1. Do you know which residues across the stretch 78-93 are open to solvent by less than 30 Å² (accessible area, probe 1.4 Å) and among the β-branched types (V, I, T)?
2. Restricting to the stretch 68-110, name every residue that is over 14 Å from G15 (Cβ atoms), among the hydrophobic types (A, V, I, L, M, F, W, C) and within 12 Å of the chain's Cα centre (by Cα).
3. Are any residues in the stretch 101-115 out of contact with any helix residue (DSSP H, G or I) (no Cβ under 9 Å at 6 or more places or on another chain), part of a loop (DSSP other than H, G, I, E, B) and exposed (fewer than 13 other Cβ atoms within 10 Å of the Cβ), and if so, which ones?
4. Return a yes/no flag: does the stretch 32-39 have any residue that is in contact with a Ser or Thr (Cβ under 6 Å, 6 or more places away or on another chain), modelled with pLDDT under 95 and among the hydrophobic types (A, V, I, L, M, F, W, C).
5. Can you name the number of the only condition in (1) in contact (Cβ under 8 Å) with a residue 40 or more places away in the chain; (2) open to solvent by 40 Å² or more (accessible area, probe 1.4 Å); (3) in a loop (DSSP other than H, G, I, E, B); (4) not hydrophobic (A, V, I, L, M, F, W, C) that S62 fails?
6. Can you report the number of residues in the stretch 1-45 which are under 18 Å from R66 (Cα atoms), under 11 Å from the mean Cα position of the chain (by Cα) and surrounded by fewer than 21 Cβ atoms within 10 Å (Cβ to Cβ)?
Amino acid sequence: QVQVVESGGGLVQPGGSLRLSCASSGSIFRTYAMVWYRQAPGRQGELVEGVTSGGRVNYGDSVKGRFTISRNNGKNTVYLQMNSLKPEDWAVYYCNAGLRQLSWWGQGTQVTVSS
């Protein structure tokens, strides 16, 4: 069983920045596609940003130009740098690790954007 653990959420003012981390177990982390999703109350879940094992990045339209995903295979960790945060970014952010038909989720980390 692969474990996925998110961290780095918190309260930030509009315009501020946060960096989320997602650590995953497993000796083949480098082969996983890693994706950040978010779920806000009353709203449909959406893809934030993902990175394949080969380094190709997929962006959600609402975060393009503001969020940046990166991965460190040596640390089994993927990061989400979030800049210029807006109130609409307020959500629980979930990390997913995927390999072919297999998929593992973390418990999520809360990001609150409020003045």
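The values are calculated or read from the model by the stated rules, or taken from the named source; none is laboratory data. Bear in mind that the values here come from a model prediction, so they are computed numbers and not experimental data. Heads up, the Cβs are rebuilt from the backbone with ideal geometry, glycines too, and the neighbour counts pull from every protein chain shown. Keep in mind that these areas ignore ligands, DNA and RNA; they rest on the heavy atoms of the full protein, side chains included. Shrake-Rupley method; radii C 1.70, N 1.55, O 1.52, S 1.80 Å.
1. Let us first name the residues in the stretch 78-93 that are open to solvent by less than 30 Å² (accessible area, probe 1.4 Å), namely 78, 80, 82, 85, 89, 91, 93.
Correct list: V78 only.
2. Step one: filter the stretch 68-110 for residues over 14 Å from G15 (Cβ atoms), giving 68-81, 91-110.
Subset that is among the hydrophobic types (A, V, I, L, M, F, W, C): 69, 78, 80, 91-92, 95, 97, 99, 102, 104-105.
Within the stretch 68-110, I69, V78, L80, A91, V92, C95, A97, W105 qualify.
3. Keep residues of the stretch 101-115 that are out of contact with any helix residue (DSSP H, G or I) (no Cβ under 9 Å at 6 or more places or on another chain), which gives 101-110, 112.
With part of a loop (DSSP other than H, G, I, E, B) added as a condition, the list becomes 101, 106-108.
Residues satisfying the conditions are Q101, Q107.
4. Looking only at the stretch 32-39, we keep the residues that are in contact with a Ser or Thr (Cβ under 6 Å, 6 or more places away or on another chain), and these are 33.
Next cut, modelled with pLDDT under 95 only: none.
Checked against the condition, which is being in contact with a Ser or Thr (Cβ under 6 Å, 6 or more places away or on another chain), modelled with pLDDT under 95 and among the hydrophobic types (A, V, I, L, M, F, W, C), the stretch 32-39 yields no hits at all.
5. Checking S62 against (1) in contact (Cβ under 8 Å) with a residue 40 or more places away in the chain; (2) open to solvent by 40 Å² or more (accessible area, probe 1.4 Å); (3) in a loop (DSSP other than H, G, I, E, B); (4) not hydrophobic (A, V, I, L, M, F, W, C), the one that fails is (1).
6. 5
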